[in-house]
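Participant: Structure incoming, see below.
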Amino acid sequence: MVRDFSTRLRHLLSRKTHREVDEELEFHLERQVEANVAAGMTPEEARRQAGIAFGGVERAREQCRESRPGYFMETLLQDVRYALRGFRRNPVFTVTVVATLMLGIGATTAVFSVVDRILFRALPYAHADRLVSVGLVQMLEPQEFMVGGFYYDWKENQRPFEALAGENAVAQACDVAVNSPVRLSCTRAEAEFLPMLGVSPVLGRNFLPEEDRPGGPKVALISYGVWRTQYNLDPGVLNRLIEVDGDPVRVIGVLPKDFEMPSMHQADVLMPLARDGAAQRKMSPGAPVRAFARLKPGVSVVQAREELEPLYQQALTIIPADIRKDFHLRVRSLRDRQIQDVRLIAWVLLGVVLTVLLIACANVASLLLARGAARQRELAVRSALGASRVRLARQALTEAILLSVTGAAAGCALAEGLLKLFVALAPAGVPFLSKAQLDWRIVGFTLILAVICGLIFGLAPALERSSALMLTGRLPAGVSHAGVRQWMVVGQIAASIVLLAGAMLLMRSFWNLEHQRLGMRSDNTLTVSITVGRHNYPTGEKEMAFFQRLQQRLQFGPGVSMVAMSDSLPPGANHNGQRYDQIVVAGRPPTPGATGSMATFRWVSPDYFRALDIPVVRGEGFSDAEVDESDRVTVLSQTLAERLFPGENPVGQRLQFEGWDPTAPWWTVVGVAADVKNGGLSGDQLPEYYKLRRNRAEDWGGSGEWGRTAVMVVKTSLPAKAMTPWIRSQVATLDSTLPVDIETLQGRVNKLADQPRFQTTLVGFFAAIGLVLAVIGLYGVIAFLVAQRTQEIGVRMALGAGRGDILRLVLGKSVRLIVCGTVVGLVAALAVSRVLRSLLFGVGPHDPVTFVLVTLLLAFVAVLATLIPARAASRVDPMEALRCE
């Protein structure tokens with residue numbers, strides 16, 4: 001079999017010389033002549049009839065060549081060599097086309113390498129298309145969750161899933177003693193969790209059932225990153241004891257390198273959830289959990305939701321009747337859960353770069369048509385000498401694909417640089433971006449894209465029909481495709497309008513986002529974020545003592561005028577929230593008709609409002625004396641005060657915030673503060689109240705994880721670079737093992753705008769590329785038309801036309817193209833801009849100012865691009881033009 005293959009391959013690659021072909025033809029011709037003579041013909045007639053039977057020696061010779069197995073490859077190589085010689089003779093054309101394709105294909109490749117990770121590539125789990133996230137959603141928690149009160153019932157009675165397993169609702173910071181104390185991210189999951197995902201440890205084993213029980217052996221899996229950085233990939237890490245928050249824990253395995261928690265939480269250390277299902281069922285509501293499941297084969301997400309409906313209705317019975325309608329059942333694919341915030345912008349970016357690529361292809365097609373027009377006499381000569389139309393078309397497509405593949409190779413280099421730039425500029429929270437790379441999958445996509453692009457912009461020149469009139473010089477070059485090139489320019493301008501409109505809308509939205517009123521001052525302010533560990537600070541008293549000592553130290557720092565403290569800072573969305581209708585005013589019935597709304601709150605120190613320059617519009621706010629008192633006091637925001645006490649003075653009123661609990665404490669209102677942006681930069685303004693954090697352990701330990709976290713607000717006249725080392729030294733003096741995060745308050749605010757800034761920058765960058773390519777295309781068409789009409793312009797000027805007349809003639813043509821493209825583009829942009837509605841802030845998708853600015857910008861740039869060839873046309877020397885004729 002191998003021998004037969006080798007024989008066929010040698011036969012395919014063998015090439016007969018012209019002499020061998022001629023000798024073979026002469027042999028067969030002589031045999032035919034002999035047969036004709038034997039049949040009674042004269043020698044002359046016998047040879048004539050043999051020639052007729054062969055159809056001519058030259059034709060037979062060409063047919064023999066074409067019938068050889070290697071003919072196609074031979075002629076293809078001839079086409080390639082001919083194309084390369086042509087490119088070498090015209091380097092300016094070649095460099096222009098390759099550079100244009102490099103921009104279009106490089107940008108598309110870079111964006112696709114990112115989008116592929118988000119939208120198309122399989123998640124790092126076995127049969128990831130069958131993985132779903134399942135649970136309840138509510139206004140206080142938009143991500144689906146379950147609680148122990150019904151989670152274990154669902155787990156035992158569900159039918160649509162092969163497996164259902166949960167992880168801890170929130171990953172927590174933990175102190176791990178490895179070679180030195182480090183702060184890592186720890187989370188917990190059930191023993192069935194990794195098998196449900198189809199994931200196995202790369203080293204060691206998974207949790208055993210007896211380890212996933214209360215009081216079971218303390219074991220952990222560590223991430224591949226921790227294994228590499230802390231243990232240098234040492235296999236001896238197995239069965240080693242490490243301290244996690246002061247407790248000895250045995251390492252039993254290492255997670256795979258590409259493993260990620262389905263909730264997208266970072267997991268440096270994974271430990272068993274170790275919950276008692278029977279005890280959780282008795283609790284109301286029980287401990288929260290994030291639940292994930294694997295669908296049975298053939299079961300869809302919709303069918304799974306329908307089958308879970310009876311369990312959902314049963315779970316509602318443990319929820320108070322007045323808030324049941326706030327809860328909803330959600331079952332969705334794991335991919336939908338992970339990319340919900342970036343799906344739209346991923347599709348938008350992909351659409352943007354594909355539009356840029358089409359503009360680039362139109363530009364290259366226009367250049368090839370212009371080049372083909374200049375070569376029509378050459379093509380006519382080749383056709384007259386016997387070249388078939390198919391052969392000429394194949395030559396044109398070969399040249400186009402060669403240019404496209406060369407542009408793709410250069411585009412890959414550009415894409416690598418763009419991808420590194422994307423990763424460097426991208427904010428945290430964009431899923432999978434850090435893992436994007438130019439692997440073989442992306443290179444394959446680029447190669448296919450290059451071939452498609454070559455076919456697209458090479459099709460028009462390939463279909464060019466050579467005319468015999470070109471041999472006489474009576475047919476002007478390029479007349480047949482002038483209209484095609486003009487319509488290409490119209491399409492380019494229309495596409496540029498769409499890109500510019502989208503970019504301008506995002507820019508205006510980002511401007512509104514950054515320049516909105518926050519209700520506070522962020523200049524000359526540092527923030528110091530610290531989370532204390534459970535091992536060293538197990539009680540509220542120890543937490544309180546640490547933060548009190550730190551605050552006292554910071555107050556006497558160089559240039560420090562004020563130090564305040566809170567558990568969180570605006571304008572970032574707060575983790576503390578509750579239903580508005582659960583706020584009870586003393587002496588009044590519960591607030592009616594407010595179901596579904598939400599209020600947020602913060603724990604703060606007395607100087608909080610002064611440190612952030614938040615005006616207290618009523619009352620006195622918090623005082624230092626109230627910190628040591630037993631009374632609980634609160635300050636309301638203006639929005640909340642107006643809702644609770646319309647037309648009344650709220651100062652002195654008493655409130656109960658946990659209205660569902662009759663034993664909840666009462667709080668006295670001591671002031672009203674101006675509203676502060678508190679739902680993120682683009683979120684809704686929520687009613688807010690502030691709780692004074694007193695010097696009592698109950699105000700610290702009772703807040704769980706958030707009770708162990710504090711943010712110091714340091715008002716200082718010194719620059720941040722000078723203050724940061726001093727602050728770190730003060731923290732280290734109290735506890736050298738605590739990590740501390742120091743940044744300016746303005747920096748914290750800017751971080752909230754990182755993602756829209758990133759999106760706007762990318763769309764604006766690609767829109768600018770599209771505009772430049774479209775303008776170049778317009779310039780090329782007008783310059784080509786001027787070159788075509790040189791003789792006509794000379795005749796007009798010889799007959800008395802002035803330079804102004806010629807200028808108006810050329811500009812009139814370009815203006816018609818610009819107007820036509822602008823009208824088409826505006827209609828398309830008005831339709832497409834609605835897709836961006838959810839990405840906009842403070843501006844509508846059909847904002848008239850935006851579309852007017854885009855139209856004026858494009859018109860201005862496009863007219864400038866046509867002035868150069870227009871002025872050149874107006875300076876044509878009539879005698880020179882007529883002499884050329």
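Participant: Pop the C-beta distance of residue 437 and residue 733 into the FRET formula with R0 = 45 Å and round what comes out to the nearest 0.05.
Facilitator: On the way: r = 44 Å, r/R0 = 0.97.
Step by step, r from the Cβ atoms, then E = 0.55.
Participant: Between residue 210 and residue 332, what is 0.36 nm times their sequence separation minus the Cα-Cα distance? Round to one decimal in nm. Please list the in-between numbers first.
Facilitator: Working: separation 122, 0.36 × 122 = 43.92 nm, distance 3.13 nm.
Stretched fully, the residue 210-residue 332 segment lengthens by 40.8 nm.
Participant: May I pose another question? Give me the distance in nm between label points sitting 7 Å out from Cα along the Cα-to-Cβ direction at residue 743 and residue 88, one decimal.
Facilitator: Each label point is offset 7 Å from its Cα along the Cβ direction, giving 5.6 nm.
Participant: Moving on to the next point. Round to the nearest 0.05 the FRET efficiency obtained for residue 340 and residue 724 when R0 = 30 Å and r is the Cβ-Cβ distance.
Facilitator: Values: r = 36 Å, r/R0 = 1.20.
Given R0 = 30 Å and the Cβ-Cβ separation, E is 0.25.
Participant: Shifting gears a bit: Quick one: ranking 420, 715, 296, 257 by accessible area, 1.4 Å probe, largest first, what do you get?
Facilitator: Numbers: 420 130, 715 30, 296 85, 257 155 Å².
Ranked list, largest accessible area first: 257, 420, 296, 715.
Participant: Can you give me the distance in nm between label points at residue 539 and residue 807, each placed 7 Å from the Cα along the Cα-to-Cβ direction?
Facilitator: Output for this residue pair reads 9.0 nm.
Participant: Sticking with the crude label model, points 7 Å out along Cα→Cβ, report the distance from residue 283 to residue 324 in nm, one decimal please.
Facilitator: 2.4
Participant: Right, something else. Taking the alpha-carbon centroid of each part, what is the distance from region 89-147 to region 339-353 in angstrom?
Facilitator: So the two Cα centres are separated by 8 Å.
Participant: Lys/Arg Cβ at +1, Asp/Glu Cβ at -1, dipole of region 99-235 taken about the Cα centre: which of 101, 226, 118 is farthest positive-ward?
Facilitator: Final value for the positive-end residue is 101.
Participant: How far, in nm, would the chain grow between residue 317 and residue 860 when pulled straight, counting 0.36 nm per residue and subtracting the alpha carbon separation?
Facilitator: Full extension of this stretch gives 188.9 nm more.
Participant: Related question: Given the pairs 218/296; 218/282; 282/691; 257/420; 691/715, which are separated by over 28 angstrom at their Cα positions? Can you show the working numbers first?
Facilitator: Working: 218/296 33 Å; 218/282 25 Å; 282/691 32 Å; 257/420 21 Å; 691/715 21 Å.
Correct reply: 218/296; 282/691.
Participant: Rank these by accessible area, largest first, 1.4 Å probe: 175, 116. Don't skip to the answer; put the middle values down first.
Facilitator: Numbers: 175 30, 116 0 Å².
The ranking, largest first, comes out as 175, 116.
Participant: Follow-up question, since we're still on this one. Roughly speaking, what is the stretch gain from residue 139 to residue 835, that is 0.36 nm per residue apart minus the C-alpha to C-alpha distance, in nm to one decimal? Walk me through the numbers on the way to the answer.
Facilitator: On the way: separation 696, 0.36 × 696 = 250.56 nm, distance 2.50 nm.
Additional length available on full extension: 248.1 nm.
Participant: Follow-up question, since we're still on this one. Which order do 708, 696 take by accessible area at a 1.4 Å probe, largest first?
Facilitator: Numbers: 708 10, 696 80 Å².
Sorted descending by solvent-accessible area, the residues read 696, 708.
Participant: Let me ask you something else. For a Förster distance of 60 Å, can you work out the FRET efficiency between the beta-carbons of residue 26 and residue 95, rounded to the nearest 0.05?
Facilitator: Numbers: r = 50 Å, r/R0 = 0.83.
Between residue 26 and residue 95 the formula returns 0.75.
The values are calculated or read from the model by the stated rules, or taken from the named source; none is laboratory data. Worth saying up front: this structure is predicted, and the values here are computed from it rather than measured. When we count neighbours, we look across all protein chains shown, and the Cβ atoms used for this are built from the backbone with ideal geometry, even at glycine. When the accessible area is computed, the model is the full protein with side chains, heavy atoms only, and any ligands, DNA or RNA have been set aside. Shrake-Rupley method; radii C 1.70, N 1.55, O 1.52, S 1.80 Å.
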